[in-house]
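The values are calculated or read from the model by the stated rules, or taken from the named source; none is laboratory data. Quantities reported herein were computed from a predicted structural model and do not represent experimental measurements. We place every Cβ from the backbone using ideal geometry, glycine too, and count neighbours over all the protein chains shown. The area values use the complete protein model at the heavy-atom level, side chains included, leaving out ligands, DNA and RNA. Shrake-Rupley method; radii C 1.70, N 1.55, O 1.52, S 1.80 Å.
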Amino acid sequence: MHLFLIIPLAAAFMMAILARTGDCVRDIISGLAAISLAVFSVLTLMAANFFHSAVIVKSFAGFMPPAGTAFVVDGLSAFMLVTVNTVALFVVLYSAGYMNKYTDKWKFQSLFFLMISGINGVLVASDMFNLYVFLEIAAISAYFLVAFGTEAEELEASFKYAVMGTVASAFILLGIAFLYSHTSTLSLAGIAQAIAAAPSARIVQFVSVLFLMGFALKAALVPFHAWLAYAHSSAPAPISAMLSGVLIKVLGIYAIARIFFSVFGASAGICQILIALGVLSMIAGGVLAFGQSDIKRLFAYSTVSQIGYVALALGVATPLAFFGAVFHLFNHSIVKSLLFLNSGSIEQMFRTRDLSKISGVVAGAPVTGYTSIMGAMSISGVPPFGGFWSKLIIIFACLQAGHPVLAAIAVLVSVMTMAYYFAAMTPALFGAGINSFNAVKKVHGIMNVSVMALAVLALAAPLALLPEMRQRLIDGAVQALVNGSAYAATVLGAIK
Amino acid sequence: MLEIDLLLLFMIASAIIAVQVKDLLSSVIAVGAVGIGLSMSFLIMKAPDLAIMQLVVEVLSLIILIRATIRKDLPFSASGRWAFNTFSMILFLAVFLVFAYFSFSDMHRFGAPLMKVSQEYLGEAMAKTGAHNVIAAITLKYRSIDTLGEVAALFAAVVGVLAIARKVSRPGGIRK
Amino acid sequence: MVTYLLCLVLFSVGLYCVVRKRNIIKIIIGIGIMEYAINLFFILIGYRSNGRAPIFADDQAVVNMVDPLPQAMALTAIVISLAVTMMLVALAIRIYEKYGTFDITKINRLKG
């Protein structure tokens, strides 16, 4: 379990030590680290299903909670670990080729693995303060990675992101302080028990609001979404992929799900707020994406919209909705990383991000072109890609729960998504090719490999709907959400 | 406890000075005053480790901040929606404080913490870890992951500052 | 009760500074003030009337210690806020080199 933390931390440290050696050594080490992380995450998922205990607990330094801290992996954590580490693997492969554009690659790799260790830490933390510490590690690395190109716009974007993110973290820390004064324990299971004893104390409501403000900003839910467009359009492509595909999901959505469903107990008020935020994000993200000429900004607003879907599904809070939320999370991570990595390739080929100036991607770089088409189709909800199924499930869940208006909004936004994706990307992909096309660089081989692998995953995602696969992969996550209040009991039971 | 309230008032006054004053250097020094007040509060609240730590970090932050402060603050210009923005911010803060005040009623009285988990720390720390200082036992044994995390965060900050401060970011010069 | 409230007033002063000030350095100062307030709040929560510092001594039996856990948390939080301050100031210095100003309303090249 602690391998999830030790491997990336060790890799980050080694990158710094091996700063002077050639790129090859460091690339190989980073590739090995990423592969091992991905393999471990899959093994953990299989172990979690195998034991049927739904929770794996492993203590650190021999002290058990509540005095010590432990790592806890339940169905939701295991599933997200697989998502995160798989996406990270492909992004690492991609950045081996892409980051030759920048100097001082070792700093990038070091910060990148620190970010991964922070994200993994958030996923396995069973203790409120641990969660906060790893959140900060991931966030600090992300702030620096966004500014990695050190040009004027990148620094500005990073600074605004950093200030907003730090204020959000401050709210979260304040919430932790209030919560501690009320429950006098920091382990998530202990807090869950203390809150179950007194659920409607005013302090719990106040802490919920603080947490919601903080984590909603990390998740880029409207109205806290402003930093996303800045950060994504200026960051290097692999970082945009990680930010949009992984960081938002774990630091924002997973944290909200874990805290509000497993610890606080899903109250009706929270669910309604989640629904409201989700709907706002879906609509605002869709509207803002129209007429964007910068390809990465388009993707960024699309991310805001899709995260709105997940928040909406979490708010509806039926088992089918949870399934849709988790599945959509997985699909979106894969597909959005794919799209962002491709945008990096496109930017490298054409030296611009302006969609009106790009044309002929399919002609010039078939891998990039076709995988972008596949990615756009998956996000817009075109069968047989995974995105279609996950959106369908969310819409059905809304209908089933008796919210026809929400289902209608979801359908509408899905149509909007399709519209702006195809309106923006068709001329870019299919045009005749610009004259200076012969002078553009070709896409590096390994970048193609990782992008193709992601596209294959996007295609294969609907396989997860088959009952056998579903039981192995996603059901654990759904159970963890549905039985939120059982989290405390299972963790404490596993400790004894 | 009257001393802590007085210290808090002093800190608030220094903070307001830091926020409002035009000269950036004076502003940074006022923040230094807030930090010293904080350190003294830690002493009064019987947290000597923290007081030392706060002083050290305070000095470091002041050095870093003074390195960056070379100009005056900008001239005040009430442009556009200044009144509306300020008013809405103060309104938000007032609402925040009111709600916080209500939730204080659920909190324990000042000076009587619940200390469920901490009983175990206080009772067993000496026996299990052999450390006299309970804080050291907690940060180095019971919750060593937090310490690992904070070291990793510092490492990330150092590497990041090195990454940002480099002169040549792309081989062959800046793109645009 | 008043003590807690004063601590949150300090937090609000910092938050006001972050949101309403134009100078980048003032924004960083505001964040610093917010962090101080939060650390103080941790310690206030853990305080026990007539308590003693949580350090065992060989020659006397120390009873009635203050709560050590918030102190450990605040210790970690102080270090993390140092990392954040370092980061923000480094960004600010580089921004000054590129833009020539600390005014955040002028640092606005990213549109939309």
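Once the convex hull of all Cα atoms in the range A:185-318 is built, its volume per residue stands at 100 Å³. Taken across both chains, chains A and C shield about 3300 Å² of accessible surface from a 1.4 Å probe.
Normalised by the number of residues in the range C:1-100, the mean separation of alpha-carbon contacts (under 8 Å, six or more apart) gives a relative contact order of 24 percent. Remark: for residue pairs A:249/B:167; A:218/A:296; A:101/A:218; A:160/A:249; A:101/C:26; B:22/B:46, the C-alpha separation exceeds 24 Å in A:249/B:167; A:101/A:218; A:101/C:26; B:22/B:46.
Using the 1.4 Å probe convention, the accessible area of the range B:1-72 works out to 46 Å² per residue with neighbouring protein chains retained. Chains B and C together bury some 7600 Å² of accessible area, summed over both sides, with a 1.4 Å probe.
Once you reduce the range A:5-46 and the range A:96-116 to the center of their Cα atoms, the two points are 12 Å from each other. Shown for the range A:187-304: the carbon plus sulfur share of the solvent-accessible area, taken with all protein chains present and a 1.4 angstrom probe, equals 67%.
Close amide H pairs (under 5 Å, H built 1.01 Å from N) link residue A:71 with A:58, A:59, A:60, residues at least 5 positions away or on another chain. Inter-label distance, residue A:405 to residue A:28: 6.2 nm, where each label sits 7 Å from its Cα along the C-beta direction. Simple spin-label estimate for residue B:5 and residue B:43 gives 2.2 nm between the two label positions (7 Å along the Cα-to-Cβ direction from each Cα).
Residues whose amide H comes within less than 5 Å of that of residue C:65, counting only those at least five positions distant or on another chain, are C:52 (H built at 1.01 Å from N in the peptide plane).
Averaged over its residues, the range A:203-356 has an accessible area of 19 Å² per residue, based on protein heavy atoms and a 1.4 Å probe. Would you compute the Debye intensity of the range A:139-202 from its alpha-carbon atoms alone, equal scatterers and no solvent, and pass along log10 I(q)/I(0) at q = 0.15, 0.19, 0.22, 0.24 Å⁻¹ to two decimals? Relative scattering, expressed as log10 I(q)/I(0), comes to -0.61, -0.72, -0.83, -0.92. Between residue B:133 and C:56, the built amide H atoms are under 5 Å apart, and every one of these is 5 or more places off in sequence or on another chain.
The slack in the chain from residue A:213 to residue A:430, taken as 0.36 nm per residue of separation less the alpha-carbon distance, amounts to 73.9 nm. Expressed as a whole percent, the accessible area of the range B:1-72 that falls on carbon and sulfur atoms is 79 (1.4 Å probe). Average projection, convex hull of the Cα set of the range B:1-72: 4.5 square nanometres. Two tests apply to each whole DSSP H helix in chain C, Cα reach of 30 Å or more along its axis and mean Kyte-Doolittle hydropathy of at least 0.5, and the ones passing both are C:24-46, C:68-99. At a probe radius of 1.4 angstrom, the accessible area of the range C:1-86 per residue rounds to 25 square angstrom. Interface burial in the range C:13-29 reaches 30 Å² or more for C:13, C:15, C:16, C:20, C:21, C:22, C:23, C:25, C:26, C:29, comparing the full protein assembly with the chain by itself; accessible area from heavy atoms with a 1.4 Å probe. Interface between chains A and B: roughly 4300 Å² of accessible area buried, both sides summed (probe 1.4 Å, protein heavy atoms only).
Can you figure out the FRET efficiency of residue C:52 with residue A:318, using R₀ = 51 Å and their beta-carbon distance, to the nearest 0.05? E between residue C:52 and residue A:318, to the nearest 0.05, is 0.45.
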